[in-house]
Amino acid sequence: MSTLPSLAIIGGPELGGAISLTLEHATAWSAPDVAFVTAVLHSFVRAGALGAYTSTRAQQPGTGEFELVGAATVAGAGLSFQLRALALDARAFQLLRHMLSRLESDGGMLRRMFVVGTTPGAGTRVAYPAIDYHNEADQYPEAPGKPGFAVVIDDGAYGKARRVLVEYPALVEGHVVDALCEYAAAWGELVEHGAFAMPVGLPDVIYSVMGVVSQFDAITFEIEVPVYAGSELGFDVLLHMLAGYHRRVAPLRVVTIE
């Protein structure tokens with residue numbers, strides 16, 4: 001069973017501009033381990049590029065930006081990446097922490113994650129705690145305050161099989177539907193990589209399964225999650241992405257989480 005690496009961030013609660021991410025392994029990095037980390041990081045960044053981790057301090061939900069700049073740099077037990085962001089909630093790296101804890105290596109484990117941003121005047125180093133039932137509301141990125149559409153949450157829907165209904169003001173088709181599938185798939189990769197596993201259980205013990213996007217009625221599409229085993233706050237990240245979709249692709253009327 002894996003253990004979570006420690007996570008320390010310099011740069012304040014909202015990160016923007018250049019960001020350095022350094023991962024410290026117990027031993028020298030192997031090529032397969034670098035490949036695993038790089039693939040996970042691409043999934044993490046892909047969702048962020050679609051607005052998943054937009055800070056609630058931003059003027060509009062879902063408008064955050066995120067990208068990976070260049071290739072990995074390996075130096076013994078250190079592995080570094082350069083990122084660039086706009087209005088990024090620093091707590092997003094808790095999700096990456098969970099995802100990377102699934103690293104299975106014969107040479108040991110991932111020990112530390114160190115993130116350095118360039119936010120002016122925010123040079124304090126903060127050690128982020130592991131997410132538990134007492135702090136999850138503070139340690140996961142929070143829901144967008146005004147996503148631009150109504151949000152309905154079925155408080156009685158906490159089974160393993162879940163769905164999200166996305167309702168439009170009018171009939172849609174073509175690239176609008178294709179884009180919704182893209183946004184849902186990016187969030188689904190986070191789900192399946194264990195981004196939201198804590199505090200239910202360690203990410204290498206808790207597994208979820210993402211489904212497909214299908215048409216529910218004339219103006220509504222269903223995002224299916226056959227097995228969702230994780231924090232309910234993972235749906236807040238999806239709401240950020242749908243807020244980005246609402247502004248970048250097509251307006252939404254209601255999103256219902258069941």
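Bear in mind that the values in this text are calculations on the coordinates, not laboratory data. Remember, predicted model here, so these are calculated numbers, not experimental data. Counting neighbours? That spans all protein chains shown, and the Cβs are built from the backbone with ideal geometry, glycine included.
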Q: Could you list the GluC sites (Glu not before Pro) in the range 35-113 that lie in coil according to DSSP, counting only those with at most 11 other Cβ atoms within 10 Å of their Cβ?
A: Glu104
Q. Over the chain, what is the mean sequence separation of C-alpha contacts under 8 Å (at least six apart), divided by residue count, expressed as relative contact order in percent?
A. 28
Q) If you take the alpha carbon radius of gyration of the range 145-190 and divide it by 2.2 N^0.38 Å, what ratio comes out, to two decimals? A) 1.37
Q.
Order 228-240, 204-216 from most to least packed using the mean count of other Cβ atoms within 10 Å.
A. 228-240, 204-216
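Please compute the net charge surrounding Ala150, taking Lys and Arg as +1 and Asp and Glu as -1 over other residues with Cβ under 13 Å from its Cβ. Numbers along the way, then the final one.
Values: positive: Lys146, Arg253; negative: Glu167.
Neighbour charge sum, excluding Ala150 itself: +1.
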Q: Jot down the per residue volume, in cubic angstrom and as a whole number, of the convex hull over the alpha-carbon atoms of the range 6-139.
A: 105
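Select from the chain the helices, each a whole stretch of DSSP H, whose alpha-carbon atoms run 20 Å or more along the helix axis and whose Kyte-Doolittle mean is at least -0.5; answer none if there are none. Before the final figure, lay out each step's value.
On the way: long enough: 31-49 (26 Å, 1.08); 175-192 (25 Å, 0.56); 234-248 (22 Å, 0.07).
Qualifying helices: 31-49, 175-192, 234-248.
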Q. What is the Rg over Rh value, at two decimals, for the chain, using alpha-carbon atoms and the Kirkwood definition of Rh?
A. 0.97
Q. Using alpha carbon centroids, what distance separates the range 1-49 and the range 217-243, in Å?
A. 25
Q. Taking only DSSP H segments of four or more residues, each worth -39500 (n - 2.57), what value at 222 nm results for the chain once the sum is divided by all its residues, to the nearest 500 deg cm²/dmol?
A. -8000 deg cm²/dmol
